[in-house]
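For reference, the structure is listed below as C-alpha cells.
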Amino acid sequence: MKETFNEEAAEILRIHSEDVRSTAVHHDQRSTALRLLGHPEHAAQGLPGGDGGDGCTGGAALLQQGLVIILGTILLGWIGDRFRVRTIMVLTTVGVGVISLVISVLSPKLGLPVLLVCFFLMLLFSEVLFKPANFKAVRTSTTEDHQGAAFGFFEFGRGLLAFLVSLLWTALIAAGASARTIMLTGSSIVLATAILVLWAAPRDARVADDDTVNTSTFEAIRGIGKVARLPVVWVVGINVFCVYGTFVAAGTYFARFLQAGYGTSALVAAVFSTVVIGLRMLPLVSSLLVEKVFRSTPHFMRFMSGVLVVLLLAIAVVFFTHPASVTSFPAGQAPGDLVAPGVMRLLMVLMLLASGCCFMIRGVYYAPIGEFNVPAKQSSAAMSFAITLGYVPALLGPIVFGGLIEPSIKNDAGDVVTEVLTPSSTLGGAFVGLAVLSLVALCMSSLLIRLKARQDGAQDR
C-alpha cells in the first residue's frame, strides 16, 4: 500500500503560542488522516489533490476552511471579549491537541466525513476562538506607544520556533520516522503547548477593562457593532489583506514558481524554502525599527511596502525578460541551461529580499489597532474583523497561484512522464499583481498615518 505524507512546520510561542501547521497522510488516494491547525494557506496542502489525491476532497476542505474563518470570526469574535485569555487559550489548545492525537492514533481508519468534522473543529478552535484572543493578549500586554515592538517580538518568537520545529521534522524524516510517528510528535507538541499556556498565562487577566470585569455576553456582542464603525479596523484589515497575499505566495509558492518556471531541482527548492522559513524571524528587526527609527508602525509599514513594490516589480521584469529555453522536458531530466545561472541567482536573491520585507510588515500589521487605542474590552472583536478581511488571500491564494502552474503530463499509470514549464510571462504577471497589492498596502499605511494625526489633533483640542 502506498503511503505518503506532507509535513509542515509546527510553531509554538510560550503564552502567545498560536498554531501548529498541517500534517497529513493519505493511503491509496482514498482515506486521509489530517492534523490541520493554524495558517489556512497551508491547510489544503495536507489534503489529497496537493500531490496526486482526490481534488474534490481538497476542494471540500478548502471551502469549509474559508467559510469557518470568514463567518466564524465575525459571529464568534466577541467570545474573546467575554472570557479570560487564559481560559480561551488553554481550552482551545487542549481541544486541538486531543483531536490531533485521536486522528494520529486512529489513522487511516477514519472516514472522510469524520476527518472534515475534525478539520472544522480545529479551525474553530484555532482560527475563530484562539487567534483573536491570542492577538488581544499581545495588544493588551503593553501601552499604545509600544504596540509595534510587542507584535514584532511576538512574530519573531513564532518565526524562531517555526524554524526550529521544521528542523525537527527534517531530522525525523532523515531518521526514517514513520508518518504516524511524525503525527504523534506534532500532537505531543500541541498538548505540551497547552501546559505552557496554563503555566504562563496570567490567571486573573480577563479580556476587558478593570472596571468591567463582569461584562455580560450581550455587552460583548454589542462590541462587534462598535468596532465595525471604527475606520482603523477596516483600513488595517485591507492592509493585512494586501500583505498577506504576498505572504501566502512567499511562504508557499515562490519555491514552486522556481520549479515551475525554470525546472529548479527539488533540493534547491527545499534549501530555498528553508531559508524562507528562517526569514520569518525578521520581525525582531521590525520591533527595533518601529521603536528606534520610525515615528510609528504605519510609517514603518509605508516605507517597507514601497520597498516591496520595487522588489516585486524587479522579479516580474526578470521573468518577463528571461523565458526558459524549452517548454517541457522528460520527467527528472531538466536541462542545465534553461536559464543563465546568474539570472537564477538574481531571481532567488530578489525573492528572498521580497519575502523578508513581507515578513517584516506582517510582524507588525495588527499593531495600529492598539496604537489607535481601541478599547481593550473590544480588542478581540476588532481583531476578528481585521482577521476576516485580511485572511481572505489564504482562501484565494491556493486557487489563484496554484492555477497558474502548468500540470505535468502523466501516463495511464499516473506516473509523470513529461514536466511542462509554466511560461515565465505568466509568473511575471503574478508578481505584477502582488506589486499592485503592495501598492494598495502602501496607500492604506498612508491613510493610517493621516487617521492617527487626525485622532491626535482631536484629542489635543
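Some notes on this structure:
- Modelled spin-label separation between residue 399 and residue 164, with each label point placed 7 Å from Cα along the Cα-to-Cβ direction: 3.8 nm.
- Where trypsin sites (Lys or Arg not before Pro) fall in DSSP loop in the stretch 278-307, at most 15 other Cβ within 10 Å: 295
- Computed label-point distance, nm, for sites residue 267 and residue 229 using a 7 Å Cα→Cβ extension: 6.3 nm
- Taking amide hydrogens as placed 1.01 Å from N in the peptide plane, the amide H of residue 328 sits under 5 Å from those of 421, each at least 5 positions away in sequence or on another chain.
- Taken one residue at a time, the phi angles of the stretch 365-371 give Karplus couplings (6.51, -1.76, 1.60, θ = phi - 60°) of 6, 8, 4, x, 4, x, 5 Hz. Gly and Pro are set to x.
- Extension gain, residue 192 to residue 331, is 45.7 nm, computed as 0.36 nm per intervening residue step minus the present C-alpha separation.
- The figure for residue 327 is an accessible area of roughly 100 square angstrom, using a 1.4 Å probe on the protein chains alone.
- Förster radius 45 Å - calculated FRET efficiency between residue 453 and residue 275 (Cβ-Cβ, nearest 0.05): 0.70
- For the pair residue 373 and residue 408, the difference between a 0.36 nm per residue extended length and the Cα-Cα distance amounts to 7.4 nm.
- Which of 199, 169, 234 is most accessible, then next, and so on - probe 1.4 Å: 199, 234, 169
- Amide H contacts of residue 338: none lie under 5 Å away among residues 5 or more positions distant or on a separate chain (H built 1.01 Å from N in the peptide plane; Pro and chain starts excluded).
- Residue pairs, from the table 131/292; 131/452; 136/452, whose Cα atoms sit over 24 Å apart: 131/292; 131/452
- Computed FRET value (nearest 0.05) for residue 109 with residue 285, which takes r as the C-beta separation and R₀ as 51 Å: 0.60
- Between residue 314 and residue 102, residue separation times 0.36 nm minus the direct Cα-Cα distance comes to 71.6 nm.
- Ordered by solvent-accessible area of protein heavy atoms (1.4 Å probe), largest first, the residues 406, 155 come out as 406, 155.
- When the alpha carbon gyration tensor of the stretch 228-295 is reduced to an equivalent ellipsoid, its three semi-axes come out at 31, 18, 7 angstrom, largest first.
- Taking one quarter of the surface of the C-alpha convex hull of the stretch 310-423 gives a mean projected area of 10.4 nm².
The values are calculated or read from the model by the stated rules, or taken from the named source; none is laboratory data. Everything numeric here is computed off the predicted structure, so don't read it as measured data. Cβ: placed from backbone, ideal geometry, glycine included. Neighbour counts: every protein chain shown. What goes into the accessible areas is simple: the full protein's heavy atoms, side chains included, and nothing from ligands, DNA or RNA. Shrake-Rupley method; radii C 1.70, N 1.55, O 1.52, S 1.80 Å.
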